[in-house]
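Here's the structure, in structure tokens; my notes come after.
The values are calculated or read from the model by the stated rules, or taken from the named source; none is laboratory data. Remember, it's a predicted structure, so these values are computed and weren't measured experimentally. Using ideal geometry, Cβ is built from the backbone for each residue, glycine included, and neighbour counts are taken over all protein chains shown.
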Amino acid sequence: MGEELGPGRQLTRALVRWETALIVLCVLVFVLGAVSTAGFADRDNIGFLLVDYTEVALLALALLPIVLTGEIDLSVASVLGFCSALTGALWDAGMSFEAIVPVVLLTGAVLGAVNATLVVGLGLPSLAVTIGTLGLYRGLAYVVLGDRAVTGFPESYRPLATAVVPGTFLPLPTLAVAGCAALAAVVVHATPLGRSLYAIGLGKRTARFSGIRVGRIKSGAYVVSGALAAVASVVYTLRYNSARADNGSGLELVAVAAVLLGGVSIFGGRGTVAGVVTALLLMAGLRNLLFLNDVTNEIQNVINGLLLIVSVLVPVVTDLVSTRGRRRGAVRRPTEIR
Amino acid sequence: MTWRRRPLSGRELGIVFALLVLVAVTTAVNPAFLGAQGLHDLFLNASILTLLAVGQTLLVITRNIDLSVGSTMGLTAFLSGQIYVADHDTPVIAVLVAGIAMGAVCGAVNGALVAAAKVPALVVTLGTLYVFRGLDYGWASLTGTRQVNADQMSGQFLAFGSGSVLGVPRLTLIAIVVLVAVNYVLRTMRSGRELYAIGSNPHAARLAGIPAGKRILAVFVVSGALVGLAGVLHAAYFGTINASVGSGEELAVVAAVVVGGVAIFGGSGTAMGAALGALLLTTITGALPILGVPALWQRAVDGAALLLSISLDRAVMARLASRLRRERNARHG
């Protein structure tokens, strides 16, 4: 993909190289893990490492269309936190779980719509807006639930987030994530809507003059992002059987890292679903490998942070190397994102 | 055209007004809020946030941002504690220098990635937010010193943090000195004016011969040094430090800067405004429990303040733009 849109074969080749490198790295991590660490390659462990990345995967898929249009959403993990807190508060108030889920999903969509209103309706920079809603939604989670934890969610629903497909080691949530990724791949790569996302990311004015409804599509991406984060919150709450206001805090880093490591340009207009999925697999494998080798969560965050930086640094460096000797300024990339 | 420099801009007057209303209402509920002790605490708490906000202002003016402030501050606060664990009698000035140097190094890492590698500051500093915090925790678990308490630090250091000069807290004096210095640089010095040019139009600034990369790197280093200073002062003031000091502080800092009228798109804003923003947010935090709002609401309030002020800015801008358009149309018929 990218042939029709890319400014040249150079870009296509870089893209191919990026994703090939990712796949190689991913295979390397899994082979290395299987060889070096006892228990890593066990069926149960592979299932665990997959299910452990369910929420991050959903958040990354939620972020992807937004980043493709050149915007950002740092509030995804806070939406997850608020929805989880709301689930706890409603469950505490005696509402049935069947009734809570639609309410929570709707709430997620509404929180996404709030972001959309501020970014698209008022034309405010998405970075500032979503730093604000990152704080606001997380703060509201504490307002709704305080600092207590609600547990005891119905046994009948918890297998949805923990069980495996009978006869295999594939966890049900992973199957759902795979379904979401497939759907995302179809929408992003094979529909006019998907092409519009890239067009907006490559040039908002050109997209508008080409008849693309920029505002509507961006708003839609934010609403979908909110709803997906709400889905992630339901999985999270059921998987840990615990609703807390600080659920999923810091996951925005992991999701952004997965998206950018997957080869999606932070400036928009470039990236594939396959790349993001590979990056997610790579990160899930790495996380589990480090966990089995007793590396603490804090150090894992260091690695995620480094992955994020490296994934934006590498394209810049390869650009520099590949343009050396040619006319200066032949490849000009925007240096700021706001 | 005569042009006088007013001490406070319209935006800053607005914040002062909001501050006065808030203080009046809160004092009406509980007169102790404006008592000597209440004011003392308020200014002490605002001082550290002001240092962070003033540093952040320099960055935001150049169209950059530093989300790693909380982690850098945590790292330097922890450094102060570790120094005293190693040598109980370290002179205060040595700790200050060490903290400022470490902050500057953190800033230099961010700045090098942003200025030399041209990676967006948002992504770099989101990454270093977790890298620096992880180093902080890693350091704590490596040395086995998870928490440093007041009795492990020298009395001199603690006295430095809580002391006053002529009734004004020393931390507040430091914040004021920094504020005045940064204000002077931004208003008067050539390099300060160039920061606005870089933020207004990076491309034009480069064409005009401004060494944008060098300036941005310098601003990251200076801002990091201020964060380092804030970290040491935090340690001296609170006396208890663990690896989680400053977690989530980036929200309050960015909120203070934006509430203070510094445009997130770069190119406009003052250090004075950011300092007033910091004072307003600190006052709100102090007033919440008195007004019967649980302290848990603080994050939500910070976030809401940020969103409210950027929305207000946009509304004012839109009105201004349409007025200018009307006037122009009226002139040209």
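If you check A:Arg244 against the conditions, is it basic (Lys, Arg), farther than 13 Å from A:Val56 by Cα and in contact (Cβ under 8 Å) with a residue 40 or more places away in the chain?
Yes; evaluated as a whole, the condition is true for this residue.
If I filter the stretch B:198-218 down to residues being outside any loop (DSSP other than H, G, I, E, B) and more than 14 Å from chain A (Cβ to nearest Cβ), which single residue comes out as farthest from B:Ala104 (Cα to Cα)?
It comes out as B:Lys214.
I need a count of the residues in the stretch B:164-200 that are buried (at least 16 other Cβ atoms within 10 Å of the Cβ) and under 17 Å from B:Val232 (Cα atoms).
Total satisfying the criteria: 8.
Identify, please: which residue in the stretch A:132-158 is among the charged types (D, E, K, R) and over 22 Å from A:Leu74 (Cα atoms) and is, among those, surrounded by the most Cβ atoms within 10 Å (Cβ to Cβ)?
A:Arg158
Determine whether A:Gly123 is at the interface with another protein chain (Cβ under 7 Å from one of its Cβ atoms) and either charged (D, E, K, R) or in a helix (DSSP H, G or I) (or both).
no
With respect to the numbered conditions (1) surrounded by 14 or more Cβ atoms within 10 Å (Cβ to Cβ); (2) under 27 Å from B:Val182 (Cβ atoms), which one is the sole condition not fulfilled by B:Ile290?
Exception for B:Ile290: condition (2).
Looking at (1) in contact with a helix residue (DSSP H, G or I) (Cβ under 9 Å, 6 or more places away or on another chain); (2) among the polar types (S, T, N, Q); (3) surrounded by fewer than 19 Cβ atoms within 10 Å (Cβ to Cβ), which is the only condition B:Ser322 fails?
(1)
Going through the stretch B:246-297 one residue at a time, which ones are β-branched (Val, Ile, Thr) and part of a helix (DSSP H, G or I)?
Listed by number, the residues that qualify are B:Val253, B:Val254, B:Val257, B:Val258, B:Val259, B:Thr282, B:Thr283, B:Ile284, B:Thr285, B:Ile290.
Table: residues versus (1) modelled with pLDDT of 95 or more; (2) not aliphatic (A, V, I, L, M).
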position	(1), (2)
A:Ala163	no, no
A:Gly167	no, yes
A:Leu170	no, no
A:Ala181	yes, no
A:Ala185	yes, no
A:Lys204	no, yes
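Working only within the stretch A:137-146, note down all residues that are more than 20 Å from the chain's Cα centre (by Cα) and either at the interface with another protein chain (Cβ under 7 Å from one of its Cβ atoms) or modelled with pLDDT of 95 or more (or both).
Those that are more than 20 Å from the chain's Cα centre (by Cα) and either at the interface with another protein chain (Cβ under 7 Å from one of its Cβ atoms) or modelled with pLDDT of 95 or more (or both): A:Gly139, A:Leu140, A:Ala141, A:Tyr142, A:Val143, A:Gly146.
Take B:Leu251 and tell me if it is away from chain A (no Cβ under 11 Å) and not small (Gly, Ala, Ser).
So B:Leu251 does not fit the description; no.
Quickly run through the stretch B:286-300 and pick out the residues that are modelled with pLDDT under 90 and within 12 Å of chain A (Cβ to nearest Cβ).
Answer for the stretch B:286-300, where residues must be modelled with pLDDT under 90 and within 12 Å of chain A (Cβ to nearest Cβ): B:Leu288, B:Val293, B:Pro294, B:Ala295, B:Leu296, B:Trp297, B:Gln298, B:Arg299.
Every residue, every condition in (1) touching a Lys or Arg at 6+ places or on another chain (Cβ under 6 Å); (2) part of a helix (DSSP H, G or I); (3) surrounded by 21 or more Cβ atoms within 10 Å (Cβ to Cβ); (4) within 14 Å of another protein chain (Cβ to nearest Cβ), yes or no:
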{"residue": "A:Gly47", "(1), (2), (3), (4)": "no, yes, no, no"}
{"residue": "A:Leu64", "(1), (2), (3), (4)": "no, yes, yes, no"}
{"residue": "A:Val79", "(1), (2), (3), (4)": "no, yes, yes, yes"}
{"residue": "A:Leu106", "(1), (2), (3), (4)": "no, yes, no, no"}
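Out of the stretch B:14-37, which residues are loosely packed, with under 12 Cβ neighbours inside 10 Å and of a type in the set (Phe, Trp, Tyr)?
B:Phe17 - this is the single residue of the stretch B:14-37 that is loosely packed, with under 12 Cβ neighbours inside 10 Å and of a type in the set (Phe, Trp, Tyr).
Of the residues that sit in the stretch A:260-311 and are farther than 22 Å from B:Arg133 by Cα and among the hydroxyl-bearing types (Ser, Thr, Tyr), which one is nearest to the other protein chains (Cβ to nearest Cβ)?
Of everything passing the filter in the stretch A:260-311, A:Ser265 is nearest to the other protein chains (Cβ to nearest Cβ).
Which residue, of A:Ala182, A:Ala176, A:Ala161, A:Ala113, is away from chain B (no Cβ under 12 Å) and either exposed (fewer than 15 other Cβ atoms within 10 Å of the Cβ) or in contact with a strand residue (DSSP E or B) (Cβ under 8 Å, 6 or more places away or on another chain) (or both)?
After ruling out the rest, the residue left standing is A:Ala182.
Test B:Leu280 against the stated conditions and say whether it is under 11 Å from the mean Cα position of the chain (by Cα), more than 14 Å from chain A (Cβ to nearest Cβ) and modelled with pLDDT of 90 or more.
So B:Leu280 does not fit the description; no.
Which one of B:Leu312, B:Leu306, B:Leu324 is free of Cβ contacts under 8 Å to residues at least 12 places away in the same chain and within 13 Å of chain A (Cβ to nearest Cβ)?
Of the residues listed, the single one that is free of Cβ contacts under 8 Å to residues at least 12 places away in the same chain and within 13 Å of chain A (Cβ to nearest Cβ) is B:Leu312.
Determine which single condition A:Asn293 fails, assuming it passes every other condition in (1) closer than 22 Å to B:Ala112 by Cβ; (2) more than 24 Å from the chain's Cα centre (by Cα); (3) at pLDDT 80 or above.
Answer for A:Asn293: the failing condition is (1).
Can you find a residue in the stretch B:38-61 that is in contact (Cβ under 8 Å) with a residue 12 or more places away in the chain, among the aromatic types (Phe, Trp, Tyr) and crowded, with 24+ Cβ neighbours inside 10 Å?
Within the stretch B:38-61, none of the residues are in contact (Cβ under 8 Å) with a residue 12 or more places away in the chain, among the aromatic types (Phe, Trp, Tyr) and crowded, with 24+ Cβ neighbours inside 10 Å.
Select from the stretch A:152-182 the residues that are among the polar types (S, T, N, Q) and over 19 Å from A:Asp52 (Cα atoms) and list them in ascending order.
A:Ser156
Does the stretch A:147-156 hold any residues that are more than 9 Å from every other protein chain (Cβ to nearest Cβ) and not aliphatic (A, V, I, L, M), and which are they?
Of everything in the stretch A:147-156, those that are more than 9 Å from every other protein chain (Cβ to nearest Cβ) and not aliphatic (A, V, I, L, M) turn out to be A:Arg148, A:Thr151, A:Gly152, A:Phe153, A:Pro154, A:Glu155, A:Ser156.
Could you check, for the stretch B:99-106, whether at least one of its residues is at pLDDT 90 or above and within 14 Å of another protein chain (Cβ to nearest Cβ)?
Scanning the stretch B:99-106, I find at least one residue that is at pLDDT 90 or above and within 14 Å of another protein chain (Cβ to nearest Cβ), so the answer is yes.
Could you check the stretch A:133-146 and list, in sequence order, the residues that are assigned to a helix (DSSP H, G or I) and in contact (Cβ under 8 Å) with a residue 24 or more places away in the chain?
A:Thr133, A:Leu134, A:Gly135, A:Leu136, A:Tyr137, A:Arg138, A:Leu140, A:Ala141, A:Tyr142, A:Val144, A:Leu145
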